[in-house]
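Enquirer: Let me begin by handing over the structure; questions about it come next.
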Amino acid sequence: MSTEKNRNGRLTLAVALGTVVVLAVAVGAFFLAGGDDWVRNDDSVATACGKGIVPKQEVASLLGTDSLTAKKGTPSFDTGAGWTESCAVGTGSDGDGKVDIGIGWSDKTRGILSVLGRSNATQGPALATPIGSGWPGFVTVSGSSAHGVVQMSCAGGGNRGLVVAVSAYAPKTVKSFSRAEDRDQFTRVARIVTEVAGKAAGPSDCDTRLGGEIKPLTSVLSAPGDAGERTGARGTCQAVAPVMSSGRVLETPAEMSPIEDCQIVNDQGRPLFQFTALYGALSRNVFETPEGEAFQSKESGIAPPSAKSGADVWASATCGSSGEPARYVATSAEKGRAPGDPSLEAARRMLVTFAEDSARRHGCTDLVEPKRA
């Protein structure tokens with residue numbers, strides 16, 4: 001009996017020790033993987049967001065490490081917000097750098113403006129700089145993060161297009177993507193978002209024309225102090241400049257982009273007006289911002305004196321390729337102006353010329369202009 005009891009005791013101890021070992025291995029594997037569904041191997045990066053979609057080398061260059069992990073899904077581009085595929089690639093350590101990627105359709109995706117730091121659609125933290133090289137997209141910065149969006153029309157796809165968005169969060173070694181010395185990083189973000197777009201088009205059955213090799217982007221971090229004389233405007237402010245009575249312009253190259261910005265500042269660099277054009281998914285997303293209230297009431301207009309936020313002047317145009325109207329917004333640094341205020345009439349005239357120029361570039365017609373106040 002004593003022998004049987006000892007045998008049972010040894011068996012119980014062995015089972016307990018085995019359980020501890022199994023638990024230890026499981027917990028260790030979880031933390032080695034970074035926890036929170038991060039998987040630390042090459043296959044995880046190779047298959048994140050779909051097989052071969054993630055450009056690993058560009059992401060490694062951006063984050064400054066070859067040791068990358070990946071996981072399916074990311075809150076930035078959640079499937080509940082209309083994204084068909086999303087993933088995150090990074091170091092696997094919280095707060096130490098990652099790249100979120102979202103792929104979806106322009107008639108379904110939501111929340112892009114919020115991710116870009118544009119909960120107010122126009123007064124963004126930085127101008128949206130077109131990627132160029134034949135790619136219909138842009139890059140921008142918000143705080144210490146950098147973002148890129150490409151929106152492509154698909155032949156035979158009806159009114160919807162393919163949207164790819166990338167949000168890059170700086171690792172501790174970089175700290176921020178918003179410093180002058182980090183300009184090269186924006187070119188890397190542009191390469192990442194365009195490579196993902198090019199690779200995602202096939203599996204998404206999007207028959208589209210792709211752009212070419214990305215050239216260095218130099219104007220992403222333009223600040224009010226970089227504003228130029230209106231007589232020298234050659235980009236997104238070129239059409240606005242001739243109707244300006246004073247001020248300087250802060251602009252980007254006039255290339256195809258789902259967002260186009262032009263900002264007017266005074267001689268001291270203080271913002272006076274910002275003009276923004278939005279197309280496709282970005283135009284539809286405007287209803288998630290204060291400006292959306294204006295467009296819900298009518299296609300164009302001038303805000304009443306009681307308006308404390310959102311659009312001061314707005315207009316829209318028909319864009320046959322996307323099915324979604326283009327939307328054009330002017331916001332002023334000063335709110336609560338009385339009807340007939342000369343500055344509002346100036347903003348109206350400038351918005352009309354800005355919208356006409358941008359609409360022509362995008363092949364949009366039937367501009368609905370705001371009437372004089």
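The values are calculated or read from the model by the stated rules, or taken from the named source; none is laboratory data. Worth saying up front: this structure is predicted, and the values here are computed from it rather than measured. Don't worry about glycine lacking a Cβ; one is built from the backbone with ideal geometry, like all the others, and counts go over all protein chains shown. These area figures cover heavy atoms from the full protein model, side chains too; ligands, DNA and RNA do not enter into them. Shrake-Rupley method; radii C 1.70, N 1.55, O 1.52, S 1.80 Å.
Enquirer: Mind checking which residues of segment 65-93 are modelled with pLDDT of 85 or more, closer than 23 Å to residue 160 by Cα and among the small types (Gly, Ala, Ser)?
Expert: 73, 76, 81, 82, 86
Enquirer: Does segment 327-335 contain at least one residue that is modelled with pLDDT of 85 or more, crowded, with 22+ Cβ neighbours inside 10 Å and farther than 29 Å from residue 108 by Cα?
Expert: no
Enquirer: Right, next: Provide a single number: the residues in segment 275-304 that are open to solvent by less than 50 Å² (accessible area, probe 1.4 Å) and not aliphatic (A, V, I, L, M).
Expert: 12
Enquirer: Pairs only if they're at least six apart or on different chains, beta carbon under 8 angstrom, first in segment 350-368 and free of Cβ contacts under 8 Å to residues at least 40 places away in the same chain, second open to solvent by 20 Å² or more (accessible area, probe 1.4 Å) and of a type outside the set (Lys, Arg); list them, first residue then second.
Expert: 352/367; 352/369
Residue by residue, here is whether (1) at pLDDT below 90; (2) within 17 Å of the chain's Cα centre (by Cα); (3) open to solvent by less than 20 Å² (accessible area, probe 1.4 Å) holds:
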{"residue": "139", "(1), (2), (3)": "no, yes, yes"}
{"residue": "150", "(1), (2), (3)": "no, yes, yes"}
{"residue": "161", "(1), (2), (3)": "yes, yes, yes"}
{"residue": "167", "(1), (2), (3)": "no, yes, yes"}
{"residue": "179", "(1), (2), (3)": "yes, no, no"}
{"residue": "191", "(1), (2), (3)": "no, yes, no"}
{"residue": "196", "(1), (2), (3)": "no, yes, yes"}
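Enquirer: Tell me, which residue of segment 41-78 that is β-branched (Val, Ile, Thr) and under 19 Å from residue 189 (Cα atoms) is surrounded by the fewest Cβ atoms within 10 Å (Cβ to Cβ)?
Expert: 65
Enquirer: In addition: Which members of segment 255-274 meet the condition of being open to solvent by less than 40 Å² (accessible area, probe 1.4 Å), touching a residue at least 60 places away in the same chain (Cβ under 8 Å) and more than 18 Å from the chain's Cα centre (by Cα)?
Expert: 263, 264, 273, 274
Enquirer: Filter segment 60-114 down to the residues that are of a type in the set (A, V, I, L, M) and more than 13 Å from the chain's Cα centre (by Cα), then identify the one that is nearest to residue 45 (Cα to Cα).
Expert: The extreme case among them is 70.
Enquirer: Quick one: in segment 244-254, which of the residues that are free of Cβ contacts under 8 Å to residues at least 40 places away in the same chain and assigned to a strand (DSSP E or B) is nearest to the chain's Cα centre (by Cα)?
Expert: Among those residues, the one meeting the criterion is 249.
Enquirer: Now for a different question. Which ones in segment 270-296 are out of contact with any Asp or Glu (no Cβ under 9 Å at 6 or more places or on another chain) and part of a loop (DSSP other than H, G, I, E, B)?
Expert: 270, 289, 290, 291
Enquirer: Please work out which residue is nearest to residue 301 (Cα to Cα), limiting yourself to segment 339-373 and to residues that are in a loop (DSSP other than H, G, I, E, B) and either in contact with a strand residue (DSSP E or B) (Cβ under 9 Å, 6 or more places away or on another chain) or at pLDDT 90 or above (or both).
Expert: 370
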